[in-house]
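Chemist: Can you read through this structure? Questions will come right after.
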Amino acid sequence: MAGELKTIGVIGSGQMGNGIAHVCALAGYTVLLNDVSPERIQSGLATINGNLTRQHAKGLISEEAKVAALGAIGPANNLDDLGEADLVIESATENEQVKRKIFAQLCPLLKPEAILATNTSSLSITRLAASTDRPERFIGIHFMNPVPLMELIELVRGIATEDETFEASKIFCARLGKTIAVAEDFPGFMVNRILLPMINEAIYTLYEGVGSVEAIDTALRLGANHPMGPLQLADFIGLDTCLSIMQVLYEGLADTKYRPCPLLVKYVEAGWLGRKTQRGFYDYRGEKAVPTR
């Protein structure tokens with residue numbers, strides 16, 4: 001089985017899903033993109049087209065590669081259309097109930113030998129796998145955002161994941177040109193377990209009045225050489241996503257150091273989720289992003 005993956009199904013055509021479809025198509029796989037509505041799939045395909053065009057304009061890919069990649073991605077309007085996939089990567093919203101519901105509908109439609117992967121950034125791979133008919137063929141393949149630019153994939157085995165599934169997944173990631181970091185199946189894996197508490201601490205620093213939005217972001221950019229400040233990064237990730245990962249860490253590890261900052265909760269309750277809603281720690285509605293505190 002290892003190395004024989006040809007057709008990749010991607011469930012979810014949002015920021016992560018369309019990025020995954022994009023890199024799979026560029027690597028020469030046939031890709032089937034699924035979402036809850038044809039409109040969302042079309043929106044995802046339009047984003048991929050724009051991103052491939054940008055890569056071509058920058059000289060990162062050839063015109064031939066761009067055309068071939070676009071030709072390799074097709075819409076899968078129903079989950080039934082994913083029946084031929086050798087590997088299906090679920091990249092739906094970071095909600096365990098939503099993911100379980102998708103797996104319950106999807107599993108009966110897949111080939112027995114198909115691998116099922118999740119792009120979850122924090123949920124238990126073992127627990128998600130247990131809700132499927134193929135825990136031994138289930139794995140966490142956690143891409144970083146934005147997928148076409150970020151080189152890392154966290155590969156996470158559940159307790160039941162077989163070696164064959166792990167090896168096939170490693171070959172798949174290598175073909176995408178990504179670097180793998182193997183993480184154990186604990187809340188947040190590695191990247192988010194380290195990154196999100198840092199962002200949460202930056203929000204506490206703001207909440208306690210130690211520094212302003214601008215001062216905190218400048219301090220980390222110039223003082224720790226981070227490419228963007230932690231509050232700017234939180235807006236980019238989405239404050240709702242930041243909160244849900246902190247809640248997974250807090251509940252899963254039962255340590256008060258992971259308690260989500262009340263100010264983060266307040267912003268999410270206000271619907272100020274960052275860039276995607278035009279307001280978070282910065283207001284993006286004008287020419288220039290302006291701090292909201």
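Chemist: Out of all the residues in the range 248-285, which are closer than 19 Å to V191 by Cα, in contact with a Phe, Trp or Tyr (Cβ under 6 Å, 6 or more places away or on another chain) and crowded, with 20+ Cβ neighbours inside 10 Å?
Modeler: L249, Y258
Chemist: Quick one: what pairs do we get from the range 161-176, first residue touching a residue at least 40 places away in the same chain (Cβ under 8 Å) and more than 20 Å from T126 (Cβ to Cβ), second small (G, A, S) and part of a loop (DSSP other than H, G, I, E, B), C-beta under 8 Å, 6+ apart or different chains?
Modeler: I171/A2; I171/G3; R175/A27; R175/G28; L176/A27
Chemist: Just name the residue that is surrounded by the fewest Cβ atoms within 10 Å (Cβ to Cβ) out of those in the range 117-148 that are over 10 Å from the mean Cα position of the chain (by Cα) and under 17 Å from S13 (Cα atoms).
Modeler: Per the criteria, the residue is P148.
Chemist: If we only count strands (runs of 3 or more DSSP E) wholly inside the range 109-183, which ones have 1 or more residues that are β-branched (V, I, T) and closer than 27 Å to D81 by Cβ?
Modeler: 115-118, 138-143, 152-157
Chemist: Do you know which of the residues in the range 224-247 that are in contact with a Lys or Arg (Cβ under 7 Å, 6 or more places away or on another chain) and in a helix (DSSP H, G or I) is surrounded by the fewest Cβ atoms within 10 Å (Cβ to Cβ)? Steps first, please.
Modeler: To start, the set of residues in the range 224-247 that are in contact with a Lys or Arg (Cβ under 7 Å, 6 or more places away or on another chain) comprises 228-229, 235-236, 238.
Filter once more, so that each one left must be in a helix (DSSP H, G or I): 235-236.
Values: D235: 29, F236: 15.
Out of the qualifying residues, it is F236.
Yes/no matrix, rows are residues, columns are (1) among the aromatic types (F, W, Y); (2) within 20 Å of N145 (Cβ to Cβ); (3) crowded, with 17+ Cβ neighbours inside 10 Å:
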{"site": "E167", "(1), (2), (3)": "no, no, no"}
{"site": "L176", "(1), (2), (3)": "no, yes, yes"}
{"site": "M190", "(1), (2), (3)": "no, yes, no"}
{"site": "A215", "(1), (2), (3)": "no, no, no"}
{"site": "L222", "(1), (2), (3)": "no, no, no"}
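Every number in this text was worked out from the coordinates using simple rules, so none of it is lab data. Bear in mind the structure is a predicted one, so any value in this text is a computation, not a measurement. Cβ atoms come from the backbone with ideal geometry, glycine included; neighbour counts cover every protein chain shown.
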